[in-house]
Amino acid sequence: MERIDFDEFVAARSTGLLRTAYLLTHDHALAEDLLQTALAKAWFAWSRIETSPEAYVRRILVTTYASWWRRRWNGEHATEELPETPGPDASAASDAAHDLWTAMGRLPRRQRAVVVLRYVEDLSEAQTADLLGCSVGTVKSQASKALAKLRIDPALSEDRQHLPEGDLR
């Protein structure tokens, strides 16, 4: 594949991949960084990708995210003076209205990754296990634990009163 194919791929699929990155990180800026990192890694390997470039890039996205949560973070340091306060986040109002995203943000990262890949991206258990580098049994147990936590999450408790038993909308 030539570089033009990569450019076409990015133009066609970056919105969907950014959605996945956001669902994993639950932060717009981190999602953009994650997608940019994944696309940069894919660009270097683009000539070797023969089939299914989206699956290849999605795997890079998930493995990069996994390496971020395993790595020790040293981004902030205590200071005597507070830094300048940022302006209002335009997306904060819309995020606050989505109780599901609040509840998803409280899940451990691995469980959140399983929920995003299984129920948002509609991947099979085997595909999810392959992307996360774990067994199908781990995907099943992490999904079960995540759904159990979402069922009792306070952000979803009011909405759940009107849903039939077992419905997780």
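The values are calculated or read from the model by the stated rules, or taken from the named source; none is laboratory data. Not measured: the values here are computed from a predicted model. Methodologically, a virtual Cβ is constructed for each residue, glycine included, from the backbone with ideal geometry; neighbour enumeration extends over all protein chains shown.
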Counting only residues that are of a type in the set (Val, Ile, Thr) and surrounded by fewer than 17 Cβ atoms within 10 Å (Cβ to Cβ), how many does the range 100-118 have? 1
Here the residues within the range 1-32 that are of a type in the set (D, E, K, R) and within 12 Å of the chain's Cα centre (by Cα) are Arg19, Asp27, Glu32
Taking the range 125-142 as the search range and keeping residues that are part of a helix (DSSP H, G or I) and either touching a Phe, Trp or Tyr at 6+ places or on another chain (Cβ under 8 Å) or hydroxyl-bearing (Ser, Thr, Tyr) (or both), which one is farthest from Ser52 (Cα to Cα)? Ser141
Looking at Glu54 and the list (1) more than 22 Å from Ser124 (Cβ to Cβ); (2) touching a helix residue (DSSP H, G or I) at 6+ places or on another chain (Cβ under 9 Å); (3) modelled with pLDDT under 90, which single condition is not satisfied? (1)
